[in-house]
1. Kindly check whether there is at least one residue in segment 70-77 that is under 19 Å from residue 90 (Cβ atoms), surrounded by 10 or more Cβ atoms within 10 Å (Cβ to Cβ), out of contact with any helix residue (DSSP H, G or I) (no Cβ under 9 Å at 6 or more places or on another chain) and aliphatic (A, V, I, L, M).
2. More than 26 Å from residue 7 (Cβ to Cβ) and either under 9 Å from the mean Cα position of the chain (by Cα) or open to solvent by 40 Å² or more (accessible area, probe 1.4 Å) (or both): which single residue out of 63, 43, 51 fits that description?
3. Condition (residue is assigned to a strand (DSSP E or B), at pLDDT 90 or above and aliphatic (A, V, I, L, M)) applied to segment 66-79: is it met by at least one residue?
4. Do any residues in segment 49-65 that are at negative phi and among the aliphatic types (A, V, I, L, M) have Cβ atoms under 6 Å from those of residues that are outside any loop (DSSP other than H, G, I, E, B) and open to solvent by 50 Å² or more (accessible area, probe 1.4 Å), where the two are at least six apart or on different chains, and which pairs are they?
5. Checking the structure you have, find out if any residue of segment 8-29 is open to solvent by less than 80 Å² (accessible area, probe 1.4 Å), in contact with a helix residue (DSSP H, G or I) (Cβ under 8 Å, 6 or more places away or on another chain) and at pLDDT 90 or above.
6. Counting only residues that are modelled with pLDDT of 90 or more and not basic (Lys, Arg), which one in segment 40-50 is nearest to residue 85 (Cα to Cα)?
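The values are calculated or read from the model by the stated rules, or taken from the named source; none is laboratory data. Just so you know, these numbers come straight off a predicted model, no measurement behind them. Every residue, glycine as well, gets a Cβ built from its backbone with ideal geometry; the counts of neighbours run over all protein chains shown. Keep in mind that these areas ignore ligands, DNA and RNA; they rest on the heavy atoms of the full protein, side chains included. Shrake-Rupley method; radii C 1.70, N 1.55, O 1.52, S 1.80 Å.
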Amino acid sequence: AQDIQGEQLANRIRQELAAGFLNETQKPHLAVLCVGDDAASGSYVKGVTNSAREMGIEVSAESLPSDKGERQLREKIRQLNADTAVNGIF
């Protein structure tokens, strides 16, 4: 068995990623889309957003009410997919 220091490993990976992003001509952009207002999900999204920003990733977040239909959600995802400034959708 090997003892793995998870937090130290995660910090090292974040630092390596951040250093790699410094050489990019365009900052990576993560679009975060949250449906509803679940407190646990909001906390998770906040953590992901903070981690991404610490690494130099631009983050835009948008919330949709839980009563929006699947069609509206799919349309929003299509819009984000078509946006050439967005590199990832969460």
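1. Yes: segment 70-77 contains one or more residues that are under 19 Å from residue 90 (Cβ atoms), surrounded by 10 or more Cβ atoms within 10 Å (Cβ to Cβ), out of contact with any helix residue (DSSP H, G or I) (no Cβ under 9 Å at 6 or more places or on another chain) and aliphatic (A, V, I, L, M).
2. Step by step, each of 63, 43, 51 is checked, and only 63 is more than 26 Å from residue 7 (Cβ to Cβ) and either under 9 Å from the mean Cα position of the chain (by Cα) or open to solvent by 40 Å² or more (accessible area, probe 1.4 Å) (or both).
3. There is no residue in segment 66-79 that is assigned to a strand (DSSP E or B), at pLDDT 90 or above and aliphatic (A, V, I, L, M).
4. From segment 49-65, the pairs are 55/14; 55/17; 59/53; 64/35.
5. Yes, there is a match, as at least one residue in segment 8-29 is open to solvent by less than 80 Å² (accessible area, probe 1.4 Å), in contact with a helix residue (DSSP H, G or I) (Cβ under 8 Å, 6 or more places away or on another chain) and at pLDDT 90 or above.
6. From segment 40-50, those modelled with pLDDT of 90 or more are 40, 43-50; that's our starting set.
Pick out the ones that are also not basic (Lys, Arg) and you get 40, 43-45, 47-50.
Numbers: 40: 29, 43: 26, 44: 24, 45: 20, 47: 22, 48: 19, 49: 17, 50: 19 Å.
It comes out as 49.
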